[in-house]
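Notes for the one structure printed next.
Here, each number is a calculation from the coordinates, and none is a lab measurement. The structure displayed is predicted, hence computed values, not measured ones. Cβ placement follows ideal geometry from the backbone for every residue including glycine, while neighbour counts extend to all protein chains displayed.
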Amino acid sequence: MKSSKELKIFLASPRGFCAGVERAIEIVEKCIKKYGIPVYVRHEIVHNKYVVDDLKKKGVIFIEELNEITDKSRPVIFSAHGVPKTVPLEADNLKINYIDATCPLVLKVHRQAENLHKLGYHLILIGHQNHPEVIGTIGQLPSGSIDLIQNEKEANNYKFKTNVKTAYVTQTTLSVDDTRNIIKILKEKNPNIKEQIKEDICYATTNRQMAIKNIAKNCEIIFVIGSRNSSNSVRLVEVAKKAGCPEAYLIHSKSEIPYNKIENVRTIGISSGASAPEILINNFIKKLKDKFKVSVEEVEIIKEQVVFKVPNNLN
């Protein structure tokens, strides 16, 4: 039965798909069109169960390692998160046709790391251990050339190498504020550390965090639609709490909507991670409308117009 309770939704914008995610999904769909099925994808193309399940229905086989490919005549796509240098070399050795769907902004970090290494710098990567993007970036350089720092505590404990030039790069999907604090600590410890002219955290991560900060103080609860293994989605939940919203939750594929909590508030905020399709937001709002009298206000802070082209050989 529908409640008479009125619920105001502040819908953060920008939200959802970024240009890198849109490009990666388009690459997969164009590969299916060009080569037929099956098409292999190494790792989840983007971190979202809905997207992955939809592509599986279209004939995509997801693998974690190239040796899982049973038919080596079929193409394989590398995910948007990027891969270590050993992966394309392995594909060449196995004579597997590969298409790289790495986000151009992740590739930019790879090239920065390589260039700094060539200039004699020892590197620090600010990021989260075992995230595929971090594995890919570390895998661009020889072993021991790059150290990972995940948080302020690790930054405080880090021991710089004496008489060695040091530079840092970052994962593209981190909390802007947390990363700024880590960099501040590193610069206090070593004022000569080389920083990037333009930060590595991508425009989409930055914009979505700004958008959620913008609505946080008006909301009693914020819901972020996204997968548990999506770094940028998890960061949005953290940012919402730090920005003044009392409660914030990630709504993933197995989440039950906490109607009992929503029953006790008048205002909620909604956003979604950069790998979550808009249909998931629409479905979530529809479920709320089935239960409550809902009004929706979209709060846009910036209009995104970034587009990344797919490889020419797929057009």
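Things worth noting here:
- Counted by Cβ distance under 15 Å from S13, the other residues give a net charge of -1, where Lys and Arg count +1 and Asp and Glu count -1.
- Whole-Hz Karplus values for segment 10-22 come out as 9, 9, 5, 9, x, 7, x, 3, 9, 5, x, 5, 4 Hz, taken residue by residue from phi with 6.51 cos²θ - 1.76 cosθ + 1.60 and θ = phi - 60°; glycine and proline positions read x.
- Three-way shape call for segment 104-201 based on the alpha-carbon gyration tensor, with the a/c threshold at 1.5: rounded
- Neighbour counts of other Cβ atoms within 10 Å put T137, T267, T205 in the fewest-to-most order T267, T205, T137.
- Pairwise centroid distance, computed over Cα atoms, of segment 82-151 with segment 271-309, Å: 32
- Which of V134, V265, V307, V21 has the fewest Cβ neighbours within 10 Å, and the rest in rising order: V307, V265, V134, V21
- Per-selection Rg to Rh, segment 19-100 - Cα, Kirkwood hydrodynamic radius: 0.92
- In Hz, Karplus ³J(HN,Hα) per residue of segment 192-205 (6.51, -1.76, 1.60; θ = phi - 60°; x = Gly, Pro): 8, 4, 7, 10, 7, 5, 10, 5, 7, 4, 6, 4, 5, 4
- Based on C-alpha pairs under 8 angstrom that are at least 6 apart in sequence, segment 19-100 has a relative contact order of 31 percent.
- Taking θ as phi - 60° and the Karplus parameters 6.51, -1.76 and 1.60, the scalar couplings of segment 63-80 work out to 10, 9, 10, 5, 5, 7, 6, 7, 10, 6, 7, 8, x, 10, 10, 8, 5, 4 Hz in sequence order, x denoting glycine and proline.
- Using a simple spin-label model with pseudo-atoms 7 Å out from Cα toward Cβ, E304 and R180 lie 2.0 nm apart.
- Centroid-to-centroid separation of segment 20-72 and segment 210-247 [C-alpha atoms, Å]: 29
- When each of K56/K291; K8/K291; K49/K198; K34/K57; K33/K303; K5/K213 is checked by Cα-Cα distance, pairs over 24 Å: K56/K291; K49/K198; K33/K303; K5/K213
- Charge tally around Y158: other residues with Cβ under 11 Å, Lys/Arg +1 each, Asp/Glu -1 each, net +1.
- Exposure proxy order (Cβ contacts within 10 Å, fewest to most) of S271, S227, S143: S143, S227, S271
- Under 14 Å from the Cα of K184 - aspartates and glutamates, other chains or at least 8 residues apart: E152, E154, E195, E199
- Nitroxide proxy distance, nm - points 7 Å out along Cα→Cβ at N229 and N151: 2.2
- Entry note, the chain: the mean residue ellipticity at 222 nm calculated from DSSP H runs of n ≥ 4, each adding -39500 (n - 2.57), is -11500 deg cm²/dmol after division by the residues and rounding to the nearest 500.
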